[in-house]
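Remarks on the structure that follows.
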Amino acid sequence: MTRQVRTSPGAAYDLGYHVVWCPKYRRPVLDGPVKARLEELIHAKADEHGWQIVALEVMPDHVHLVVKPHPKNSPSYVANQFKGFTSHHLRAEFAHLRSQLPTLWSRSYFVATVGAVSAETVQRYIETQYERAPKVGGRA
């Protein structure tokens with residue numbers, strides 16, 4: 001993923017989340033017209049919030065999404081926005097989802113941060129702050 005720094009009043013950021021979630025009981029119900037509609041709904045929710053979708057893959061029994069939200073949006077908020085919105089619409093539009101599952105999505109999800117800089121690079125940067133700091137005020 002290439003670095004794309006976005007700005008808002010008081011912030012500059014390059015933040016991404018990899019979010020994965022599954023249907024209840026990991027049932028393979030995300031195919032055909034359900035898959036197509038789910039992809040549309042995910043894009044609509046991202047557009048509503050001004051989030052950028054970097055990658056989206058809908059498998060029959062789970063969803064992988066890499067999204068770049070605003071830093072004020074927590075990972076749990078992002079995941080729950082997608083899950084709640086899509087569940088509401090898909091269950092209203094596809095009766096078989098209501099009859100097969102008590103709820104569309106399982107309560108859990110996976111989320112990890114993604115970005116252009118590795119954790120090791122950040123750690124090395126922090127650990128070498130004093131080595132790189134300019135000498136100010138005659139202090140060594």
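L56 sits among other residues whose Cβ lies under 12 Å from its own Cβ, and their net charge, with Lys and Arg +1 and Asp and Glu -1, is -1.
A value for Cα extents along the principal axes in Å was derived from the coordinates, and within the list (i) 55, 27, 26; (ii) 43, 33, 28; (iii) 75, 29, 22 it appears as (iii). Charged side chains reduced to their Cβ positions (Lys and Arg at +1, Asp and Glu at -1) give the range 6-132 a dipole of some 440 debye around its Cα centre. Counting 0.36 nm for each residue step from Q123 to S99 and taking away their Cα separation leaves a gain of 3.6 nm. How many nm separate the modelled label positions at E48 and H88, each set 7 Å beyond the Cα in the direction of the Cβ? Those two pseudo-labels are separated by 0.6 nm. Excluding same-chain neighbours fewer than eight residues apart, the lysines reachable from K45 by a Cα-Cα span under 16 Å are K35, K68, K83. For a paramagnetic label modelled on V20 (point 7 Å from Cα along Cα→Cβ), amide N atoms under 12 Å away belong, within the range 89-116, to 109-112.
All of the numbers you see were taken from the coordinates with simple rules; none came from a lab. Being a predicted model, the structure only gives us computed values, none of them experimental. A quick note on method: Cβ atoms are made from the backbone with ideal geometry, for glycine too, and the neighbour counts reach across all protein chains shown.
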